[in-house]
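Colleague: What follows is a single structure, and I will ask about it in a moment.
All of the numbers you see were taken from the coordinates with simple rules; none came from a lab. Because the structure is predicted, anything quoted here is derived from the model rather than measured. All Cβ positions, even for glycine, are placed from backbone atoms using ideal geometry, and neighbour counts span all protein chains on display.
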Amino acid sequence: MKERNYMPRMLWFTLAVIVGVVGLGLIPPFELWGMSFERVDVLSELRADDNGEEAVVEYTADIERLEEELASMSEAKPEVDIVDSLPEPAPVRYEWIVQEEPMVKRRQLTSAEVAPVGDATVVSIEDFDTLEVTRYERFIDKLADMQDVRIAFMGDSFVEGDILTSDLRDELQTLLGGRGVGFVACDIPFATVRKSVKRTSSGWTAYSVMKPKSTPEALRDRYFISGYIAEGRSGATTRWASTDAFATLDSCSRGRVLLYSRDTSRVLVELNDSLSREFEIAGDDHVREIYVEAPIEAFRLKVLEGSVVCYGASLEGGRGVTVDNFSVRSNNGHAIFGTGATINRQIDQMLGYDLVVLQYGLNIMQPGQRAFSRYRDQLCDMIAYAERCFPDAAILVLGVSDRWIKNEESGVYEPIGSVDALTSYQRAAADSTHVAFWSTADAMATYGGMPQFVANGWAAKDYTHINFAGGRRVAEALARALRTSLAAELQEREAEAQRIAEEARRREAERQMLIDRNMGAAAIVLDSIIEGVAPVANEDVE
Amino acid sequence: MWSKMETLKFDSALWERVASLLEYDAAAPLTLTTGFFLFAFLIFGVGYVVLHRRVTLRNIYVVLFSLYFYYKLSGIYVLLLLFVALSDYLIGRRVARRRERGRGTRGWVALSVVINVAILVYFKATDFFVGLVNDLYGSGTLQWESVVVPAGVSFFVFQSIAYVVDIARGTIAPLRRFTDYLFLLSFFPKMFLGPLVKAREFIPQIEERGKVVTSEDMGRAVTLIAGGLVKYAIIAKALGVLFVAPAFDGEMGEGGLVALMAIYGFTLQIYCDFSGYSDIAVGVALMMGFRLPDNFDAPYKSATITEFWRRWHISLSSWLRDYLYISLGGNRRGRMRTYLNLFLTMLLGGLWHGVGLTFIAWGALHGVALALHKVWLEVVPKAKRVGSEMKLAWRIPAVLLTFHVVAFGWLLFTAEDMAQVGDMLRRIVVNFSFAEIDALVHGSGVAMVLMVVGYAMHALPKSVDMGVQRMVTRLGFVGQCIVVVVVIWMVMQCDMMLAAECGAGGGLPMYAAF
């Protein structure tokens, strides 16, 4: 018998392997032995990528509608209620204090301590505010006062996965105190990798602000600037766990979950996979906060009954800085117009943002394009929108990052030719809206620009996206700028304190002199009196 | 579940993306381990299976696909490949005709060698010489923009030289068709990193009518591909990114133990990287019914340096032996000349990897070691050539000694400059402390596990390899598919983890640089 020829099998074999590998995309992310496994996607290159020209949706600003919406929103501060007492009326904040956070007073830092180390060129933050005390200065003042500050870092895929922000957070927390990764979404409709936090979720349906058409009508105006919303019924669960990727992230002392439910629902919050507590969430449209104080390494939310819409959780703690990463793929910044102003304001009242960073523009550049006036106008609207949602925050616009593209003829990479132009339009937008501005491209140039980033392995070979190593450099540069501002403020204060101290010393010296002089006069009088009396006395004795 | 996967929209934008994927992209060269190759291989397979009995059509079909593969890998340099093929095809015919008529062939062989070597030198050494001149006479003396080296250039150049020399020596007859010669040079599985094929062994396979793959072949191919992926895309890649690169860069402190482990790590990494990719190439070719020679045979089990070169990059060392060592006179010109020839062969072999002091030193080390071993064999009558002839008590220290010569050779090979070599050696001698074990286990636990697993796999006897192959053969179609899919899943997870950890992803095999 002739043996069978298996050669044609290479075809079926390849086909079966392809089907199998595509099918692997069905395996959801999971964790095993402390390693997190992500969803794999072999067809990713065929899907619309970040640089895809066809943005999923283009929102336009409607500041007028925004004003109306915010005006109708009750400005009264939501009342805090303890969950143990019967909540009536429905509380906005449910508190669970397992172990009260120790109130440590931080030592006042000196200008020498916060001044940037090394002699690297500092690309300064340009402040275009016209107020007597600018909003950026107010932010720096809070840092100088050693108060708690919270930063919202809004960006596109450039900062996805906590690129840049994780190192910025690390540097600020190491310097100024504070712990924890900050806000992390509940569930996202695609796989992401983030080493600063481990998030595992199941049972949710997640929606993105970039895809309003696939978002249910009732949720469309309910987005927070995080850009992702997750809806879940009983059984839906998410676990946020700290990692030891950064020194300040391994544990924290406060945790919050931001959620709401239209009708009353019950959820379970579990700490460190052991301690747990049930909360009944009163049915209401207002965003609710479950606030926990305890030493937290892992934080789980589970829906027990009813339907819950969850934004995410925040892991934070200690006195100091919290940095929230809000990255939305393919977003040029306009997605903020798709977020609910009321929601943003409600959450701002809970979290209290002091600085909102807007990092966008990478996706709008076309080779050689030099005019971006339409984008500048949009950016002005974004800034206005952010200002109204976060009234107490300073706004910092980041210029677009350096980007090179491949010359189709020669196959070599060259500057896209529109970075400088877009940067100047972004600066102009900051100028006309009186907010702060920082040029990312200039900062990258101090390291040699994008080719050097690629050469050093700090950026992807697409000459567009930096990686973690590159993000660290940009974060360092931004931290240098912030530290320079802070050091200047502290130096001013130290000089002022010194002036006051000197003044006091001078007064004291004067007083002493006066006392001396008066005492001298008094002494002479006294002496003369004694002298005048003494002979008499002596005489008396005699 | 499906809702969580992003759906693929079949719109015009999709076709634009497909079209752009089909074009050459310097940032994403095509290798056998890309997802693109998997899809391309499926489409290629349809035509191949249909045509495999029609020799001429099949060969033209494979050549066209190979040329496209090379274009996706190296862009415009596909023209260079065509040029080399054409020039040596014509020279080969001329040499054969002159041989038939009993006339000298030296001039034509020399022409072929000069053309091929000139190409190699142009792409590999110009940078070095321009740098040298500019160092000597001030920068800017020579204006030169460094060129990208065409992928696999030395592999096709070497095979082309061998083809002409073989015709001149009369071991093969020249190929009649140009496309057949192009097939020999450009066959896509081995295009990039070898193994180098011998014309004598490969030509019959090109001319064979109908391709036959047995059940055992299929099992062996799957084992080679899956094992190759584990070695190349998991062990080598992760070990390099997580441990070897940072340890060499001094990011893990100045300790001696770390330096030593980094050398051991690189030794395993370069083996896994290179042999893993070679195995995949052999496996892919085998599925198509082509038998490529084995390129590696557990080289670190060698008990002598001579044995090492029979087990490491076998196709290159036998090329060096057949076309360089023998052309220099081999061992037929007296003892001293034999040693010198060995030394020169290895020195040139070192130079081939890159023009620079470290590569010269690496080649010299191996040349001296080989010559010394030859001397040892002649001086000590009981000395053995290979480990299998030795007693165990001799064999173990011999393997350890050989391993260390090779490992420290790799230090020369991978170091940026001689200063780094000196620094690493100084660390091992002066700064050695077992106290670092703790930091290694805690700081680089995963890398240490990979190293143990990698060396353990390497140490297994060959019978285990054969057993695994038989097992995979018995798994049948479904089982084999599952094995490969699971390995691919592991590779993708590993890639994502490394990308998240260090921002490193993708990349080419290390040997792509040579």
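Colleague: With a 10 Å radius around each residue's Cβ, average the other Cβ atoms per peptide and rank B:152-160, B:449-457, B:404-412, highest first.
Modeller: Descending mean neighbour count gives B:152-160, B:404-412, B:449-457.
Colleague: Two decimals is fine: what's Rg over Rh for the stretch B:215-513, C-alpha atoms, Kirkwood radius as Rh?
Modeller: Ratio of gyration radius to Kirkwood radius: 0.98.
Colleague: Isolated Cys in chain A by the 4.7 Å beta carbon test?
Modeller: Those would be A:252, A:380, A:389, since no other cysteine Cβ in chain A comes under 4.7 Å of theirs.
Colleague: Something else: What number does the stretch B:256-328 give for Rg over Rh if you use C-alpha atoms and the Kirkwood radius?
Modeller: Looking at the stretch B:256-328, the ratio lands at 1.08.
Colleague: Another question, then. Return B:384, B:190 ranked ascending by Cβ neighbour count within 10 Å, so the fewest neighbours appear first. All intermediate terms of the calculation are to be shown ahead of the outcome.
Modeller: Details: B:384 17, B:190 29.
So the ranking, lowest neighbour count to highest, is B:384, B:190.
Colleague: Across the residues of B:177-187, average count of Cβ atoms on other protein chains within 10 Å?
Modeller: Going residue by residue through B:177-187 and averaging, the value is 0.
Colleague: In terms of the Cα gyration tensor, with a ≥ b ≥ c the square roots of its eigenvalues, is the stretch A:284-377 rounded because a/c is under 1.5, prolate because a/b exceeds b/c, or oblate?
Modeller: Note, shape of the stretch A:284-377 comes out prolate.
Colleague: Tell me, B:345, A:342, A:205 in order of fewest to most beta-carbon neighbours within 10 Å?
Modeller: Ranking B:345, A:342, A:205 by Cβ neighbours within 10 Å, fewest first, gives A:205, A:342, B:345.
Colleague: Would you please put B:229-239, B:201-211 in order of how densely packed they are, using the mean number of other Cβ atoms within 10 angstrom per residue and starting with the highest?
Modeller: Packing order, densest peptide first, comes out as B:229-239, B:201-211.
Colleague: So, how do all the Cα-to-Cα distances of chain A break down into 10 Å bins, in percent, from 0 on up?
Modeller: Bins of 10 Å from zero give 3, 16, 25, 23, 14, 6, 4, 3, 3, 2, 1, 0, 0, 0, 0, 0 percent of pairs.
Colleague: Given only helices, namely DSSP H runs of n ≥ 4 each adding -39500 (n - 2.57), what is the per-residue ellipticity at 222 nm of chain B, to the nearest 500 deg cm²/dmol?
Modeller: Values: 21 runs with 348 residues, N = 514.
The helix contribution divided over chain B gives -22500 deg cm²/dmol.
Colleague: Still on this model: Please express the shape of chain B as an equivalent ellipsoid: the semi-axes are the square roots of 5 times the eigenvalues of the C-alpha gyration tensor, given largest first in whole angstrom.
Modeller: Calculated on Cα positions only, the semi-axes equal 34, 33, 25 Å.
Colleague: Which peptide among B:51-57, B:115-121, A:424-430 comes first, and what is the full order, when sorted by highest mean count of other Cβ atoms within 10 Å?
Modeller: For the peptides B:51-57, B:115-121, A:424-430, the packing ranking is A:424-430, B:115-121, B:51-57.
Colleague: Given 10 °C and 1.306 mPa s, how large is the Stokes-Einstein diffusion coefficient of the protein assembly as shown in µm²/s, with Rh as the Kirkwood radius over Cα pairs? Could the numbers behind the result be given before it?
Modeller: On the way: Rh = 33.5 Å.
Reported coefficient: 47 µm²/s.
Colleague: Enter the mean number of other protein chain beta carbons within 10 Å of the beta carbon of each residue in A:408-414, as an integer.
Modeller: 2
Colleague: Now for a separate question. For the stretch B:53-207, report the convex hull volume of the alpha-carbon atoms normalised per residue, in Å³, without decimals. Spell out each step's value before the answer.
Modeller: Working: hull volume 17.9 nm³, N = 155.
Convex hull of Cα atoms, per residue: 116 Å³.
Colleague: Extension gain residue A:30-residue A:218, at 0.36 nm per residue separation less the Cα-Cα distance, in nm?
Modeller: Details: separation 188, 0.36 × 188 = 67.68 nm, distance 3.03 nm.
So the extension gain works out to 64.6 nm.
Colleague: Moving on. Hey, how many Å between the Cα centroid of the stretch B:198-222 and the Cα centroid of the stretch B:265-334?
Modeller: 20 Å
Colleague: If one puts a single equal scatterer on every Cα of the stretch B:306-407 and applies the Debye formula without solvent, what log₁₀ I(q)/I(0) results at q = 0.16, 0.21 Å⁻¹?
Modeller: Normalising to I(0) and taking log10 leaves -0.73, -1.20.
Colleague: What is the helix-to-structure angle for A:419-433, meaning the angle in degrees between its Cα long axis and the longest Cα principal axis of chain A, kept from 0 to 90 and rounded to the nearest 10?
Modeller: Once rounded, the angle reads 50 degrees.
Colleague: Run the helix sum for chain A: -39,500 (n - 2.57) per DSSP H stretch of 4+ residues, divided by residue count, reported at 222 nm to the nearest 500 deg cm²/dmol.
Modeller: -11000 deg cm²/dmol
Colleague: Sort the stretch B:431-504 into rounded, prolate or oblate with this rule: let a ≥ b ≥ c be the square roots of the eigenvalues of the Cα gyration tensor; rounded if a/c is under 1.5, and if a/c is not under 1.5, prolate when a/b is larger than b/c, oblate otherwise.
Modeller: oblate
Colleague: Let me ask another. Under 8 Å for C-alpha pairs, at least 6 residues apart: give me the relative contact order for the stretch A:181-232, rounded to a whole percent.
Modeller: Computed value for the stretch A:181-232: 45 percent relative contact order.
Colleague: If you don't mind, another one. In percent, what relative contact order does chain A have, based on Cα pairs under 8 Å that are 6 or more apart in sequence?
Modeller: Working: 1062 pairs, mean separation 107.7, N = 542.
Relative CO of chain A lands at 20 percent.
Colleague: Roughly how tilted is helix A:63-72, in degrees to the nearest 10 and between 0 and 90, from the longest Cα axis of chain A?
Modeller: 70 degrees
Colleague: Percent relative contact order of the stretch B:215-513, based on C-alpha pairs within less than 8 angstrom and at least six residues apart?
Modeller: Normalised by residue count, the contact order of the stretch B:215-513 is 30 percent.
Colleague: Mind pulling the angle between the C-alpha long axis of helix A:468-541 and the longest principal axis of chain A? Nearest 10 degrees, somewhere in 0 to 90.
Modeller: Its long axis makes an angle of about 10 degrees.
Colleague: Peptide A:37-43: average number of partner chain Cβ atoms within 10 Å per residue?
Modeller: 6
Colleague: Are there any helices in chain B, counted as whole DSSP H runs, that stretch 27 Å or more along their axis by Cα and score at least -1.0 on average by Kyte-Doolittle, and if so which?
Modeller: Within chain B the helices that satisfy the rule are B:55-74, B:78-100, B:106-137, B:256-287, B:335-353, B:357-379, B:392-414, B:462-502.
Colleague: Going by the alpha-carbon gyration tensor, a ≥ b ≥ c the square roots of its eigenvalues, is the stretch B:49-110 rounded (a/c under 1.5) or, if a/c is not under 1.5, prolate (a/b greater than b/c) versus oblate?
Modeller: Note, shape of the stretch B:49-110 comes out oblate.
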